[in-house]
1. Taking H placed 1.01 Å from N in the peptide plane, check which residues at least 5 places from Leu240 or on another chain put their amide H under 5 Å from its amide H.
2. If you place +1 on the Cβ of every Lys and Arg and -1 on the Cβ of every Asp and Glu, how big does the dipole about the Cα centre of segment 56-241 come out, in debye to the nearest 20?
3. Could you run the Karplus curve 6.51 cos²θ - 1.76 cosθ + 1.60 with θ = phi - 60° over segment 235-242 and give me ³J(HN,Hα) per residue in whole Hz, x for Gly and Pro?
4. Amide H of Val148: which non-local residues (sequence gap of 5 or more, or other chain) have their own amide H closer than 5 Å, using H built in the peptide plane?
5. For segment 148-217, evaluate the Debye formula with one uniform point scatterer on each Cα (no solvent term) and list log10 I(q)/I(0) at q = 0.17, 0.18, 0.20, 0.29 Å⁻¹, rounded to two decimals.
6. With a Förster radius of 45 Å, plug the Cβ-Cβ distance of Asn132 and Asp205 into 1/(1 + (r/R0)^6) and report the FRET value to the nearest 0.05.
7. Can you compute 3J(HN,Hα) from phi for each residue in segment 92-103, using the Karplus curve 6.51 cos²θ - 1.76 cosθ + 1.60 with θ = phi - 60°, rounded to whole Hz and x for Gly and Pro?
8. Once you order the gyration tensor axes a ≥ b ≥ c over the Cα atoms, which shape class does segment 56-241 get: rounded for a/c under 1.5, otherwise prolate or oblate by comparing a/b with b/c?
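Please treat every number below as a calculation from the coordinates, not as lab data. Remember, it's a predicted structure, so these values are computed and weren't measured experimentally. Glycine also receives a Cβ, built like all others from the backbone with ideal geometry; neighbour counts cover every protein chain displayed.
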Amino acid sequence: MDNQKNKREFIQNIRKILSETRKPHESVSEQYKSIVNKNPIEERVQELKNFLNKNIQSLETELLNNAKSSGWQTKKLSNITECSNYINNIIINEKAKSVVTSNHKFILDLHLNDENVNINAIDKKTNSKDKNNLRNLIINADIGISNVDYAIADTGTCVLISKRELSRLVSLLPPIYIAIVNKKQILANLENLFTLQKHKYLQEDLTSSISLISGPSRSADIQSELITGVHGPGKVHMILID
């Protein structure tokens with residue numbers, strides 16, 4: 001009897017503690033947020049931004065060096081006109097006939113045009129029939145072009161966060177991919193990325209997926225021979241806009 005009594009008292013104490021620490025009808029996710037919110041995430045984000053602004057020149061150099069070592073073909077340019085000319089030269093040199101781009105304003109402002117090249121901006125918010133057509137369009141494209149959300153300096157990695165203006169397939173399916181990075185998007189490491197994503201999560205700014213691209217697609221066969229471009233772009237260009 002004493003054991004049963006002690007067990008009931010123990011369970012009642014647990015229920016009492018939980019009812020005191022958790023608000024009525026508050027979900028587990030909401031309770032987690034209320035706990036995390038007590039941490040000075042706003043201060044950490046501001047400190048991070050100050051650090052990145054202060055060290056932008058060294059981060060640019062580190063990003064380009066590490067990206068080149070990872071297989072990216074890198075180029076630093078000063079403005080949108082230089083960027084447009086550089087991309088048009090890539091299209092001509094690769095003899096591309098079909099190009100797909102993300103629907104970012106910067107990409108659209110490049111005004112890429114060539115009467116011999118089919119260039120299409122891809123928007124994810126389409127009906128199912130259009131999605132099938134767009135998927136086939138991307139599969140058959142020679143080059144994919146998009147902005148990135150961040151670039152990680154210490155690994156030479158581009159970060160793409162899923163959103164309406166960006167279909168991940170633009171960066172995954174064409175044999176050639178061009179990533180455009182603004183210097184303000186450079187982070188020092190993955191820890192910086194997780195801090196910013198945590199901040200966005202607490203602000204209800206959620207995303208379905210994040211892609212990390214650290215160079216051309218690489219696959220190893222059964223004999224451990226490394227092959228490039230089998231399951232994704234074999235050539236990748238990173239353009240840094242200063």
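1. HN-HN under 5 Å from Leu240: Lys75, Lys76, Leu77, Val181.
2. On the way: 20 positive and 18 negative charges, 68 e Å.
Using Cβ point charges on Lys, Arg, Asp and Glu, segment 56-241 gives about 320 debye.
3. Values, residue by residue: 10, 10, 10, 10, 10, 9, 8, 6 Hz.
4. Ile180, Asn182
5. -0.64, -0.71, -0.87, -1.46
6. Numbers: r = 29 Å, r/R0 = 0.66.
About 0.95, to the nearest 0.05.
7. Rounded to whole hertz, the list is 5, 5, 8, 6, 6, 10, 9, 10, 10, 10, 6, 9.
8. Details: a/c = 1.25, a/b = 1.16, b/c = 1.07.
It comes out rounded by the Cα gyration axes.
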